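The values are calculated or read from the model by the stated rules, or taken from the named source; none is laboratory data. Predicted, not measured: the structure shown is a model, and the values here were computed from it. Using ideal geometry, Cβ is built from the backbone for each residue, glycine included, and neighbour counts are taken over all protein chains shown. Ligands, DNA and RNA are stripped out before the accessible areas are found, and what is left, the full protein with its side chains, is counted by its heavy atoms. Shrake-Rupley method; radii C 1.70, N 1.55, O 1.52, S 1.80 Å.
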Amino acid sequence: MARISTLGIIGKFAIALIAVVVMQGILSFKFKVFGYFDLPLICSVYYGFTWGNPVASIVIGSSLGLMQDSLSGATLGANGLTKTLIGFFAATAVSKFAVETTITRVLALFLFSVGDAVLVTILSLMVGSARSPSYSGALGGWLLSATFNTLLGVALFGYHDRWKHATT
């Protein structure tokens, strides 16, 4: 009976991860502004901060990143590598910093967002991807994306904290 319960939990978790990536793909395809958001990145940081388990964060980050690569048409493995690294760094940050404070979350989400954009761009340039957009204004896009990711991430963390500390 416990095996069925564990498989159910893992199945629900896998469906949630797939839903995050599909939502990101659909929203960024339909609405231009959602191209600046990175929901898989926020999920990688979220699970890294809440679980604090580097191995689980590596698995979550790599699966989210590879699914994002397959749907976005980016260089295959670029987002997988960056989300893996960010999930690992977020999970190890739990033991070094007080990640429950808002200022730590804001700084972490902003820096992880900029780091993700820089690493994906470097990996895409190294591979020589077929789509080579202009990188002259990339810094402004990275900062705008990092700001949007930070605002959404802090709102989602606040929502999580509200439900975690709720009593009935």
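General observations
- Of all aspartates and glutamates in the structure, those lying under 14 Å Cα to Cα from K164, and not within fewer than 8 positions of it along the same chain, are E100.
- Among residues other than Q68 with Cβ under 12 Å from its Cβ, the summed charge is -2 (Lys and Arg +1, Asp and Glu -1).
- Förster radius 22 Å - calculated FRET efficiency between M23 and W163, Cβ distance, rounded to 0.05: 0.65
- Förster-model FRET efficiency, 45 Å R0, T104 and L125, C-beta, rounded to 0.05: 0.90
- Above 21 Å, the calculated P(r) of segment 1-72 contains 31 percent of its Cα-Cα pairs.
- Selected from G48, G25, G11 as most flexible by GNM, with the chain as the system and alpha-carbon contacts under 10 Å: G11
- When only the Cβ of Lys, Arg, Asp and Glu is charged (+1, +1, -1, -1), the dipole of segment 2-167 relative to its Cα centre reaches about 260 debye.
- Top of D116, D69, D38 by mean-square fluctuation, Gaussian network on the chain, Cα under 10 Å: D69
- Column: log10 I(q)/I(0), Debye, Cα scatterers of the chain, q = 0.13, 0.20 Å⁻¹: -0.64, -1.43
- Springs between Cα atoms under 10 Å define the GNM used for the chain, and in it the highest mean-square fluctuation of A117, A90, A19 occurs at A19.
- Only helical runs count toward this figure. For the chain, summing -39,500 (n - 2.57) over DSSP H runs of n ≥ 4 and dividing by all residues gives -27500 deg cm²/dmol at 222 nm.
- Candidate lysines - alpha carbon under 27 Å from K30, same-chain residues fewer than 8 apart omitted: K12, K83
- Evaluating kT/(6 pi eta Rh) at 4 °C and 1.567 mPa s, with the Kirkwood radius of segment 39-108 over Cα pairs in the Stokes-Einstein relation, gives 110 µm² s⁻¹.
- Excluding ligands, DNA and RNA, the accessible surface per residue across segment 67-112 is 52 Å² with a 1.4 Å probe.
- Placing a pseudo-label 7 Å from each Cα along the Cα-to-Cβ vector at L143 and K32 gives an inter-label distance of 2.1 nm.
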